[in-house]
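Accompanying notes for the structure given below.
The values are calculated or read from the model by the stated rules, or taken from the named source; none is laboratory data. Here the structure is a predicted model, which is why all the values come from computation and not from measurement. Glycine also receives a Cβ, built like all others from the backbone with ideal geometry; neighbour counts cover every protein chain displayed.
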Amino acid sequence: MRGLISEQEPGVLGVAAALRQAIPAVYQEDPLFMDLCAAFDEVIAPLVTAVDCFDAYLDPYLAPEDFLPWLADLVGCRGAVRQGAAAERAQIAAAVRDHALRGTPSGVREAAARAAGVPVEQVELDDPGGTRWSTVPGGADSGWPRTAPRVRVRVGEQDAQAARSAVRAAIEEAAGVHCAIAVDVAEAGAAPNRRARPQGARTYGGTSES
């Protein structure tokens, strides 16, 4: 895989098949021609190395950090890469599976857990569920409690504000725009805030947005 060539410790990248190995023996007796072959080998060595290791570029756990944004776009994770953290690499690796689980309870919990950097067991999803119908137009909208699904994430000693922002972005990606999902982020061991909130509100760390 490609990398930075240190100026303090210069070196020449090796190639699997040097040019001098493919030329006739009569040309190998010319020192100038052999020097030119060595120069060409040094120039094309990074390209050959990159092509030989291209499968590593497609592995989110091995790809260089500046290659991650392109890899994220390739699997539909636009905007997921910020600093090349391990959690972001894991998000890219699980992108195909996440697309299949998108909008499901398992998908929402896993997205929130990965964004907060906590195990899935520390994420709770309360969905009141239920259906309603009426033979009168508009009758199904009255007489029902306005509750919304709620995601609770218990984080450790990490930055709570950063966790709120990450969970918020992950939930908005994992749930449909028509879903009113409330999100609570609290420290591990703290009592969750279970106060009911109006439908259409999203709660992030104690502050709600309509």
So, in the stretch 165-183, exactly how many residues are crowded, with 21+ Cβ neighbours inside 10 Å and either in a strand (DSSP E or B) or modelled with pLDDT of 75 or more (or both)? 6
Going by the conditions given, is Val153 in a strand (DSSP E or B), at pLDDT 80 or above, surrounded by 22 or more Cβ atoms within 10 Å (Cβ to Cβ) and among the hydrophobic types (A, V, I, L, M, F, W, C)? yes
Subset of the stretch 135-150 that is surrounded by 10 or more Cβ atoms within 10 Å (Cβ to Cβ) and modelled with pLDDT of 75 or more - its residue that is farthest from Val185 (Cα to Cα): Pro149
Residue list for the stretch 89-112, restricted to those being of a type in the set (A, V, I, L, M, F, W, C) and crowded, with 20+ Cβ neighbours inside 10 Å: Ile92, Val108, Ala111, Ala112
Among the candidates Ala45, Ala80, Ala86, which residue alone is surrounded by 14 or more Cβ atoms within 10 Å (Cβ to Cβ) and modelled with pLDDT under 80? Ala80
Taking the stretch 22-34 only, how many residues are among the acidic types (Asp, Glu) and either touching a strand residue (DSSP E or B) at 6+ places or on another chain (Cβ under 6 Å) or surrounded by 10 or more Cβ atoms within 10 Å (Cβ to Cβ) (or both)? 1
Could you check, for the stretch 114-124, whether at least one of its residues is in contact with a Pro (Cβ under 9 Å, 6 or more places away or on another chain) and either of a type in the set (D, E, K, R) or over 27 Å from Ser165 (Cα atoms) (or both)? yes
